[in-house]
Structure formats: structure tokens, C-alpha cells
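First up is the structure itself, then whatever we jot down about it.
The values are calculated or read from the model by the stated rules, or taken from the named source; none is laboratory data. Since the structure is predicted, the reported quantities are computational estimates derived from the model, not experimental observations. Virtual Cβ from ideal backbone geometry, glycine too; neighbours counted across all protein chains shown. Keep in mind that these areas ignore ligands, DNA and RNA; they rest on the heavy atoms of the full protein, side chains included. Shrake-Rupley method; radii C 1.70, N 1.55, O 1.52, S 1.80 Å.
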Amino acid sequence: MDLEFDFVIIGAGSAGCVLANRLSADAGNSVLLLEAGGSDKGFWIQTPIGYGKTFYDPAVNWMYMTEPDPGIDNRQSYWPRGKMLGGSSSINAMVYIRGQAADYDDWRDLGNRGWGWDEVLPYFKKNGNRRRRRQSLPQRRRTALRRQCQPAASSLMPAVYCRRVTMRLRIQLRFQR
């Protein structure tokens, strides 16, 4: 079976899920989202203190090491990276930081339109209110979301894009300039 996609996204971490959501919002786009890892439904992944258990678990963590760094006497640093739906966001002890307002303004001032603090702050606030909005959905729709989505994906993508389908595919990639 040959399948063709307009976009192939490698990695269903936070950025990959958001990108798939944005691209698939246009019904004219076909999007394939690939993830090497599995589900984020594990007990230690869903528990904030579980980071200690996932820190060295090769089933959910790529466990990268940096190159030797001359600035720290040629030592290597351990760099945990999530290997599952949600990526590193699924093993980060459920912590995130918005960042410094001045950094966003600097990016905007360097020519990156839309990246100033005043422009990104509404998105941070929208994400912070996500749980409240989901609870306001009718019960039937909330139940459908739980059945169709992995936990991380339900907050990042509409249910229609996160149904899990298992099949063997031969993917034909075509690149256009």
C-alpha cells in the first residue's frame, strides 16, 4: 500500500504535536506524525515525582550524553530526552517555565514577528486555562476524548488527529522545491 502525505513530522513531542495540529487544521493537508516511543500512560510518567524513575529508563528516555565540553574540564553531561507521546514534556516532572519577557522581546526585535512577550503571553494564558475549558465540554464529548486520545495528545491535538492506528505502511516521500 502506497500512502502519500503533504507533511511528515518525525517526533510526537510537544512541538511535533502542535505542528501536526496546526498543519492538519487545513483540511487540504494530509499529515503523518511518527513517534518512536509509545504511550505516556505509565504510572511513573503520570506522577510528578515519577521523574526519578524515568530518568534512567531506556523504555521512555533516549538517555543522551553531550560531547565532552572543554568549559567543564571535558566532562560529558547527561541529557534525558523523552521517548514517547509528548516527548521530553512527558518526563519533565510536570514542570514548565514561560521564560523571560525580555527574551521574547529580543527575538521580536531581531525580526521574528509575532514572538514579542505581549504576542506570546495570550498563548501561555490559554494553555494555563486548558483544564477549565475541557471540563466545560459536554460529558459525552469528554468521554469520547478520553477513549480516542493518549493523555498528552488530548491537550495538544483534537481527537480526530490522535486516534491510534496500528498498521504496516510503506511510505513514499516526495519532496518538492
Residues located in the range 107-127, provided they are within 26 Å of Leu34 (Cβ to Cβ) and either hydroxyl-bearing (Ser, Thr, Tyr) or at pLDDT 95 or above (or both): Tyr123
Top-ranked residue of the range 107-118 - restricted to ones that are open to solvent by 70 Å² or more (accessible area, probe 1.4 Å) and touching a Phe, Trp or Tyr at 6+ places or on another chain (Cβ under 8 Å), ranked as farthest from Gly13 (Cα to Cα): Arg108
Positions within the range 52-74 being without any contact (Cβ under 8 Å) to a residue 24 or more places away in the chain and aliphatic (A, V, I, L, M), in sequence order: Met63, Met65, Ile72
Test for Leu23: is it within 18 Å of the chain's Cα centre (by Cα) and under 20 Å from Met63 (Cα atoms): no
Candidate set: the range 94-106, residues that are open to solvent by 80 Å² or more (accessible area, probe 1.4 Å) and at pLDDT below 95; chosen: the one nearest to Ile49 (Cα to Cα): Met94
Test: residue in the range 75-90 that is over 30 Å from Asp118 (Cβ atoms) and without any contact (Cβ under 8 Å) to a residue 12 or more places away in the chain: yes
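Restricting attention to the range 98-124, which residues are charged (D, E, K, R) and in a loop (DSSP other than H, G, I, E, B)? Working first, answer last.
Pass one, the range 98-124, residues charged (D, E, K, R): 98, 103, 105-106, 108-109, 113, 118-119.
Within the range 98-124, Arg98, Arg113 qualify.
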